[in-house]
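These notes concern the structure reproduced below.
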Amino acid sequence: MTAVTMDKVTKTYPNGVTAVADLDLEVADGEFLVLVGPSGCGKSTALRMVAGLESITSGELRIGERVVNDLPPKERDIAMVFQNYALYPHMTVEQNIGFALKLARLPKDEIRQRVRNAARVLQLEEWLHRKPGQLSGGQRQRVAMGRAIVRDPSVFLMDEPLSNLDAKLRAQTRAEIAGLQRQLGTTTIYVTHDQIEAMTMGDRVAVMREGRLQQIDEPEVLYSEPANLFVAAFIGSPSMNLLEGTVAVDPGGGNGAGGGATISLGEQSLALPASVLAERPGLRAFDGRKVVVGVRPEYLGDATLGEHEAPPDGARLRGDVELREALGSELLVHVRTNCRPAVTDEVRSVAGEYDAAGVELLERQAAGEGAMIIARFDARSRARVGDVAEMDVDVERLQFFDPDTGDRIAGEVPTAPATAQPAPESEPA
């Protein structure tokens, strides 16, 4: 049984930069855990501390029952797959896979048998006598995997192993890696900045930002119940639509119970039935205050098709179609509304992650252009550029966030809000 436990692990460099702060993680025996986050969030630094390639400033790291803070990499019983594969170009595939075993002075027959077994699992048998330069990117990635498998380690560590592959091969190979991990049952920690990789591969996913863990859970929970604005904005493709709103609670049956609420989104509004407030009682504390309203693209339906059954009155948004993406089985419609987008530090950081102009675009929308909402319509939708789109909103699926703390609003809010801890500076990971 080999679990990996990080207890308040911190990495601070001599120049004072804290790359990872108070990281608490427990990876169960045989689990596939993915660390995901934007560049510089500390995920690769965390992985390198597990590998022994980075020293630990404070906290405790355990692999199995052993505290390994001060153990060199070769004594940790781990195998690591790097982004660049790190293959020896002058060696054949067979020699690359078996190199670590040769260094360990295992008998030649045992080395040959282990290499053949790994090659069979990875479908590399016909390439054993070729050199890396004669292989495709996907084949080289398999060789790197074979070199890790052949050692039969307690833990696999993978640092963005698919980033050098094209999109089609990346999709194919991530399925192969996930299937292989399930077959071997080896505890695995996998680092990526690609949230689609994270959501499709991991048993659980840990989202990091600026050296701190934001949320760790099963992919479905991260998607449907994000702990804060950063997770909500980062997880999902297309990402969650985030709008600025003001809450007006209807007292209804008295004593603050039984009534619904209205969320003003600028020149439009959404009516929330009492059931929404019953599930999210903390929302009542925001009566008359601003909140961030989140809605996934699939919870916006084309009103002309009646995609959402009998939407309640006041559960509709409208805007002008500016772009449509026909994907065969569905249609992504970009709708310009007169709502105001949410502009917080968390949303800004995600907006600027992949596109330098992302933050500027967000600011322009907030300054008067109006929020661009992405809706995932049924492929039957006839929405065209220039049309006015009427979107039914599944209000039961809305998410609400405190714009000051970024936290998701669900249960009762505390009487005295907790003081937010400042996030440390981070080193690019």
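The values are calculated or read from the model by the stated rules, or taken from the named source; none is laboratory data. It should be emphasised that the depicted structure is a prediction, and the values quoted were computed from it without experimental measurement. Cβ atoms come from the backbone with ideal geometry, glycine included; neighbour counts cover every protein chain shown.
So, in the range 1-37, exactly how many residues are more than 24 Å from residue 182 (Cβ to Cβ) and among the aliphatic types (A, V, I, L, M)? Can you show your working first?
Pass one, the range 1-37, residues more than 24 Å from residue 182 (Cβ to Cβ): 7-24, 37.
From what's left, among the aliphatic types (A, V, I, L, M): 9, 17, 19-21, 23.
So the answer is 6.
Filter the range 281-297 down to residues that are over 23 Å from residue 259 (Cα atoms) and at pLDDT below 95, then give me how many there are.
Just the residues of the range 281-297 that are over 23 Å from residue 259 (Cα atoms), to begin with: 296-297.
Remaining after also requiring at pLDDT below 95: none.
Total satisfying the criteria: 0.
Within the range 342-359, is even one residue at pLDDT 85 or above, in contact with a Gly (Cβ under 7 Å, 6 or more places away or on another chain) and among the charged types (D, E, K, R)?
Yes - at least one qualifying residue is present in the range 342-359.
Filter the range 84-104 down to residues that are touching a residue at least 12 places away in the same chain (Cβ under 8 Å) and among the polar types (S, T, N, Q) and give me whichever is farthest from residue 159 (Cα to Cα).
Of the residues in the range 84-104, the ones touching a residue at least 12 places away in the same chain (Cβ under 8 Å) are 84-94, 96-101.
If we keep only those that are among the polar types (S, T, N, Q) too, we end up with 84, 92, 96.
On the way: 84: 9, 92: 23, 96: 19 Å.
Filtering the range 84-104 for residues that are touching a residue at least 12 places away in the same chain (Cβ under 8 Å) and among the polar types (S, T, N, Q), the one farthest from residue 159 (Cα to Cα) comes out as 92.
Among 109, 77, which is the only one that is among the acidic types (Asp, Glu) and surrounded by fewer than 16 Cβ atoms within 10 Å (Cβ to Cβ)?
Numbers: 77 fails: surrounded by fewer than 16 Cβ atoms within 10 Å (Cβ to Cβ).
After ruling out the rest, the residue left standing is 109.
Hand me the list of strands (runs of 3 or more DSSP E) wholly inside the range 180-236 holding 1 or more residues that are in contact (Cβ under 8 Å) with a residue 60 or more places away in the chain and among the charged types (D, E, K, R). Talk me through it step by step, then tell me what you get.
Working: elements: 187-192, 204-209, 212-217.
It comes to 204-209, 212-217.
Any chance you could count how many residues in the range 356-393 are outside any loop (DSSP other than H, G, I, E, B) and on the phi < 0 side of the Ramachandran plot? Step through it out loud before you land on a result.
Taking the range 356-393 and keeping what is outside any loop (DSSP other than H, G, I, E, B), we get 358-369, 372-378, 388-393.
After this cut, where a residue has to be on the phi < 0 side of the Ramachandran plot as well, the list is 358-367, 369, 372-378, 388-393.
Number satisfying all stated conditions: 24.
Looking at this structure, is residue 245 within 18 Å of residue 395 (Cβ to Cβ) and outside any loop (DSSP other than H, G, I, E, B)?
On the way: within 18 Å of residue 395 (Cβ to Cβ): yes; outside any loop (DSSP other than H, G, I, E, B): yes.
When the stated conditions are applied, residue 245 passes them.
Could you tell me which of the residues 43, 11 is modelled with pLDDT of 95 or more, out of contact with any Cys (no Cβ under 6 Å at 6 or more places or on another chain), more than 30 Å from residue 121 (Cα to Cα) and outside the structural domain of residue 349 (by TED's automatic domain parsing)? Don't jump to the end; show me each part of the working.
On the way: 43 fails: more than 30 Å from residue 121 (Cα to Cα).
Sole residue among the options that is modelled with pLDDT of 95 or more, out of contact with any Cys (no Cβ under 6 Å at 6 or more places or on another chain), more than 30 Å from residue 121 (Cα to Cα) and outside the structural domain of residue 349 (by TED's automatic domain parsing): 11.
When residue 194 is evaluated against the numbered criteria (1) farther than 25 Å from residue 49 by Cβ; (2) surrounded by fewer than 19 Cβ atoms within 10 Å (Cβ to Cβ), which criterion, by number, is the only one it fails?
(1)
What's the number of the condition residue 277 fails, among (1) at pLDDT 95 or above; (2) surrounded by 21 or more Cβ atoms within 10 Å (Cβ to Cβ)?
(1)
Of the residues 70, 29, which is touching a Ser or Thr at 6+ places or on another chain (Cβ under 6 Å) and not in a strand (DSSP E or B)? Spell out how you get there, then give the answer.
Values: 70 fails: touching a Ser or Thr at 6+ places or on another chain (Cβ under 6 Å).
The match here is 29.
Inspect all residues belonging to the range 94-112 and state whether any of them is out of contact with any helix residue (DSSP H, G or I) (no Cβ under 8 Å at 6 or more places or on another chain), hydrophobic (A, V, I, L, M, F, W, C) and part of a helix (DSSP H, G or I).
Yes, the range 94-112 contains a residue that is out of contact with any helix residue (DSSP H, G or I) (no Cβ under 8 Å at 6 or more places or on another chain), hydrophobic (A, V, I, L, M, F, W, C) and part of a helix (DSSP H, G or I).
Scan the range 1-24 residue by residue and report those that are among the hydrophobic types (A, V, I, L, M, F, W, C) and buried (at least 20 other Cβ atoms within 10 Å of the Cβ).
Going residue by residue through the range 1-24, those that are among the hydrophobic types (A, V, I, L, M, F, W, C) are 1, 3-4, 6, 9, 17, 19-21, 23.
Matches in the range 1-24: 4, 6, 9, 19, 20, 21, 23.
Counting only residues that are within 25 Å of residue 49 (Cβ to Cβ) and surrounded by fewer than 15 Cβ atoms within 10 Å (Cβ to Cβ), which one in the range 116-173 is nearest to the chain's Cα centre (by Cα)?
Of all residues in the range 116-173, those within 25 Å of residue 49 (Cβ to Cβ) come to 141, 144-145, 147-164.
Okay, now just the ones that are also surrounded by fewer than 15 Cβ atoms within 10 Å (Cβ to Cβ), so 152, 163.
Working: 152: 29, 163: 15 Å.
Among them, the one singled out is 163.
Tally the residues that are surrounded by fewer than 15 Cβ atoms within 10 Å (Cβ to Cβ) and of a type outside the set (Gly, Ala, Ser), restricting the search to the range 174-183.
Of the range 174-183, the ones surrounded by fewer than 15 Cβ atoms within 10 Å (Cβ to Cβ) are 175, 179, 182-183.
Add one more test, that the residue is of a type outside the set (Gly, Ala, Ser), and what stays is 182-183.
Final tally of qualifying residues: 2.
If I filter the range 209-245 down to residues being at pLDDT 95 or above and farther than 18 Å from residue 407 by Cβ, which single residue comes out as nearest to the chain's Cα centre (by Cα)?
219
Could we say that residue 50 is under 30 Å from residue 232 (Cβ atoms), crowded, with 16+ Cβ neighbours inside 10 Å and not polar (S, T, N, Q) here?
Numbers: under 30 Å from residue 232 (Cβ atoms): yes; crowded, with 16+ Cβ neighbours inside 10 Å: yes; not polar (S, T, N, Q): yes.
Yes, satisfied.
Would you be able to say whether some residue in the range 39-54 is within 18 Å of residue 8 (Cβ to Cβ), of a type in the set (A, V, I, L, M, F, W, C) and assigned to a strand (DSSP E or B)?
For the range 39-54, residues within 18 Å of residue 8 (Cβ to Cβ), of a type in the set (A, V, I, L, M, F, W, C) and assigned to a strand (DSSP E or B): absent.
Quick check on this structure: which one of 133, 138, 146 is assigned to a helix (DSSP H, G or I), out of contact with any Leu (no Cβ under 8 Å at 6 or more places or on another chain) and within 21 Å of residue 83 (Cβ to Cβ)? Spell out the reasoning first.
Details: 138 fails: out of contact with any Leu (no Cβ under 8 Å at 6 or more places or on another chain); 146 fails: out of contact with any Leu (no Cβ under 8 Å at 6 or more places or on another chain).
One residue alone meets the criteria, 133.
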